[in-house]
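> Structure provided below as structure tokens; questions to follow.
The values are calculated or read from the model by the stated rules, or taken from the named source; none is laboratory data. Not measured: the values here are computed from a predicted model. Note that we place each Cβ from the backbone using ideal geometry, even for glycine, and neighbour counts take in every protein chain shown. Note: accessible area is taken over every heavy atom of the protein model, side chains too, but ligands, DNA and RNA are not part of it. Shrake-Rupley method; radii C 1.70, N 1.55, O 1.52, S 1.80 Å.
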Amino acid sequence: MAKDGNLDFKSLTAKEVNLNNHSAQEIEVACYSRNQAILYIRKFNYGRALAHLFVALRLIPEWREELRNVFWQSLSFGCQELACKGRLHETISLRKDALLFYPDDEIMLMDLGSTYFKLDDTEQSLDYYQKALQACPSLLPASRAIQSIYNKHVERWHFRMLNDGERNGAYHKAILHRLHEGYSTVLDVGTGTGLLSIFAAVGGAENIWACESNKFIFKIAQSVLAANNVSHRINLINKHSSYISIPSDISEKVSMIITEVFDAGLVGEGVLPMLLHAWENLLIPPTEVTSNCKEPSKNKGGIVLPYSATVWVAAIQCINIARRHRLLPNVCLCCSDENTPLSFHYGKIELCKFCEAPRKFEPEDILYHLNGVSVASVLSEPYTTEDLENVAFGYELLSKPVKVFEINFNSIEELKSFNQGRLRNAPILINTNGSVDAIASWFHLNLDNNGTVISTAPFKEEGLYHSVCWHQAIFPMPCPRKVCPGNEINLQLQINKDVFEITDLGFAAGQDVSPDHLLLVSEKIISFLNNKTWMKALNTAAIGLLRDFNLDSSSNHKILDLSPFPILGLRILKDFKNWNLVANCETQMDEEYIRAVARNNSIEERQIQFVRSEILEEKIADDYFNVICIDIVDPSGELSELSLERIPFLLNRLSANGYMVPHSLSFECQLVDSDKLVSQSQVKSDESMQNFNITEFMNKFAVDYHLHTSRQGLHCKPLSDCFEIFQMRVDSICEKNLEEISVTTTDSGTVAGILYSFNLVLRPGMRPISTSCQDSHYDQAAILFSLDVLAGTEITLKCLFWSGLLDIKPSTEVFTQQK
């Protein structure tokens, strides 16, 4: 049996075995076991087949190469059966036994790494992935799996933070100031790479302890401290601060705690309970604060750096945020001849500034807007985050920023008050026409109470250090909020322990902002339906498919639509009552909305069946479909792993002459120069960290790919025209493919990598649709490498496609040419 599943070997007889190496009894038992394995494979009983193969190979090791494929197939299916029964640990024993016969089989090593990964055993998983890569250096799935582990345990914001020279410089200055005041015993909480502890060490601190709970980061910190010759000065502890005790971990209470455990919403990483625990157990108690003294008396009490923080909010308009969080209207209803509203351009499309709808009517073939109903995304967290400075198509402040909270980290009473929950009403006065898409929030960190203040605002503020490593907290508006100068938004906000939330997005009485009904659905549905380019293409595909089938009313047909929202299926059902739709739907709210849209388009409910993703194969195992529509691209910008895994099963459920949608795809690529892309993916130099040696240790965990990239928000310089690689049909996506292509640069610069998206052909004969279209619900991805080029340079690129993954590297000749 080959790895494609086809049985292709014959039973082996005793006379074909070297009688000098084995006894007659060994040969007889081995041949019997081998033949039994064949019988069990034909019965799809892979567990029993595997047991017989183990016996055969133990007795006749010479059969290893001949039986490699059939052994791997039996092992794979046998382990799948055990995994389905929740017996993952047993699969590890089986796979390890298999390695006794095939110690250098990269696929078996890869599978063992994947099993350990599912069991959350990172060290073992990483070990086996690395062994697989050693066995086959070009094994892209193993390489990408290793990098996924790096992404998980050394999160990318570490790179942004270390590249943030303004933030690092501000902390350095504040730490030196406090040390000069006499706060000489230090605990650095959440030390990361140890940079702030190094600042304290070279600044003359007497005793320094630094704690870091992440094992990966802790090991990086050990290397960093040693390389900078401060290991003897800094006591590194692999614990969360709440588990640190005196004297087992630190010898005494410290006079200063340094920390930066802040998220975009300030308190989301648990800084409040952490500091309360520290004040009670690890920090010298504060002295009494007199009326004319704003901080503890020097050298008599402990202190926290940063000293305090203030939280700011403002109303913003941002079409990119709106498109992800509420269903936008398909035409502006604010227009009249007497009073034409303000507008702005979303790419080439003119949108009304108040309702954010096109000024030109664009009819819908499927009416998914419901009268009197606003459809918005349900949020799993109190806020999302956004890099407003680089958001695609920008943003606009509709109000002046308002200070809503100030937290003194050196006041135990204040910390307790916020930790137990503190409400605040905050009126925001609108000063610009527009639509409020969200409330944005950021904070100022008053590091030393001596003028050293970091701002995480999306704009520079005079006299403050402008940090770019923290993004802004975003509270999206679920309903349209048309505003004019003088309007007031009465917010109610709360900080409670590790949660910052807006509990009321209320507007002043009399403002028409609430719909008759608000329907909350999954975010993926909202961004999908707001992609008007995609909606038009799906409608065109539906019309073409119906024409291809040349249907008559007496035939019954079925469509399986696994898109975020079954536009293609509903469009077909709208014209033909003899079609039935099976649609993927994950929540009751999503199902309610799909049913409402069906009624809105005179589609009968009996025509629609819903199925959850986790039981899809079980539910449709006996069904055949004329059309199957899959979501082949993941929102992150790469091919969907789940969809690729399902393709073989779905092809077996496709009727004769049926259609898979999309029909085919290709990668659309472009060489780009982008400083932002580099700073998100690796540490650029030690210069941003006061020239301490950190870069070489962090960049061991840098990865060569980047997901969730926005072409519009990247602010990159194109260094080539777009080029296309790997054109393939979706129903025959190959396991592995190699391609070499020559690309001529159009400009001079430093290549940061290759930005790529997908061109999808929904049905034969249609024009391709790009996942990087202006209103796309997909992000783009990037393959990273660095190369200095001049305009007109010809670069040879080696492209590898393997199991849905893409890798592109310039040939070594290019590097030689550029030297």
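> Scan the strands (runs of 3 or more DSSP E) fully inside region 721-819 and keep the ones with 3 or more residues being of a type in the set (S, T, N, Q) and over 30 Å from Thr540 (Cα atoms).
736-744
> Is it true that Glu356 is modelled with pLDDT of 70 or more and on the phi > 0 side of the Ramachandran plot?
yes
> May I ask you to verify whether Lys173 is closer than 30 Å to Glu260 by Cα, open to solvent by 40 Å² or more (accessible area, probe 1.4 Å) and assigned to a helix (DSSP H, G or I)?
Yes.
> Quick one: in region 691-726, of everything that is in contact with a strand residue (DSSP E or B) (Cβ under 6 Å, 6 or more places away or on another chain) and of a type in the set (A, V, I, L, M, F, W, C), which residue is most open to solvent (accessible area, probe 1.4 Å)?
Once the filter is applied, the top-ranked residue is Cys722.
> Follow-up. Given the structure, is Asn371 open to solvent by 30 Å² or more (accessible area, probe 1.4 Å) and at negative phi?
So Asn371 fits the description; yes.
> Next question. If you go through region 242-255 one residue at a time, how many are buried (at least 19 other Cβ atoms within 10 Å of the Cβ) and farther than 25 Å from His180 by Cβ?
Number of matching residues: 1.
> So the check is Cβ under 6 Å with 6+ separation or different chains; which pairs have a first residue in region 216-228 that's open to solvent by 30 Å² or more (accessible area, probe 1.4 Å) and a second one that's among the β-branched types (Val, Ile, Thr) and assigned to a loop (DSSP other than H, G, I, E, B)?
Every condition considered, the pairs that remain are Phe216/Val154.
> Look at Ser688 and say whether it is in contact with a strand residue (DSSP E or B) (Cβ under 8 Å, 6 or more places away or on another chain) and buried (at least 20 other Cβ atoms within 10 Å of the Cβ). Talk me through it step by step, then tell me what you get.
Details: in contact with a strand residue (DSSP E or B) (Cβ under 8 Å, 6 or more places away or on another chain): no; buried (at least 20 other Cβ atoms within 10 Å of the Cβ): yes.
Against the criterion (in contact with a strand residue (DSSP E or B) (Cβ under 8 Å, 6 or more places away or on another chain) and buried (at least 20 other Cβ atoms within 10 Å of the Cβ)), Ser688 does not qualify.
> Here's a follow-up. Listed residues Ile454, Ile407, Ile412; which is among the aliphatic types (A, V, I, L, M) and out of contact with any Ser or Thr (no Cβ under 9 Å at 6 or more places or on another chain)? Explain how you work it out, then say what you get.
Details: Ile454 fails: out of contact with any Ser or Thr (no Cβ under 9 Å at 6 or more places or on another chain); Ile407 fails: out of contact with any Ser or Thr (no Cβ under 9 Å at 6 or more places or on another chain).
Going through Ile454, Ile407, Ile412 in turn, just one is among the aliphatic types (A, V, I, L, M) and out of contact with any Ser or Thr (no Cβ under 9 Å at 6 or more places or on another chain): Ile412.
> May I pose another question? Can you give me the ranges of the strands (runs of 3 or more DSSP E) entirely in region 596-705 with at least 3 residues that are under 30 Å from His471 (Cα atoms)?
The strands (runs of 3 or more DSSP E) meeting that bar are 664-673.
> While we're looking at this one, here's another question. State the number of residues belonging to region 761-786 that are open to solvent by less than 50 Å² (accessible area, probe 1.4 Å) and touching a Ser or Thr at 6+ places or on another chain (Cβ under 7 Å).
The total comes to 14.
> Picking from Ser138, Ser197, Ser148, which residue would you name as being out of contact with any His (no Cβ under 6 Å at 6 or more places or on another chain), at pLDDT below 95, of a type in the set (Ser, Thr, Tyr) and farther than 16 Å from Ala702 by Cα?
Result of the check over Ser138, Ser197, Ser148: Ser138.
> Right, another one. Quick check on my filter: what residues within region 490-518 are more than 17 Å from Phe405 (Cα to Cα) and at pLDDT 80 or above?
Hits for region 490-518 are His517, Leu518.
> Consider Leu464 against the criteria (1) open to solvent by less than 10 Å² (accessible area, probe 1.4 Å); (2) without any contact (Cβ under 8 Å) to a residue 60 or more places away in the chain; (3) hydrophobic (A, V, I, L, M, F, W, C): it satisfies all of them except one. Which criterion is unmet?
(1)
A quick yes/no check of all residues on (1) small (Gly, Ala, Ser); (2) part of a loop (DSSP other than H, G, I, E, B):
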| residue | (1), (2) |
| --- | --- |
| Phe418 | no, no |
| Pro427 | no, no |
| Ser441 | yes, no |
| Asn449 | no, yes |
| Ala457 | yes, yes |
| Glu462 | no, yes |
| Trp470 | no, yes |
| Pro478 | no, yes |
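Matching residues to (1) closer than 20 Å to Arg653 by Cα; (2) of a type in the set (S, T, N, Q); (3) assigned to a strand (DSSP E or B):
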position	(1), (2), (3)
Leu520	no, no, yes
Ile526	no, no, no
Trp534	no, no, no
Asn539	no, yes, no
Leu545	yes, no, no
Lys558	yes, no, yes
Ser563	yes, yes, no
Lys577	no, no, no
Glu586	no, no, no
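> Please go through region 113-157 and pick out each residue that is part of a helix (DSSP H, G or I), farther than 20 Å from Gly804 by Cα and among the hydrophobic types (A, V, I, L, M, F, W, C).
Leu126, Ala135, Trp157, listed by residue number.
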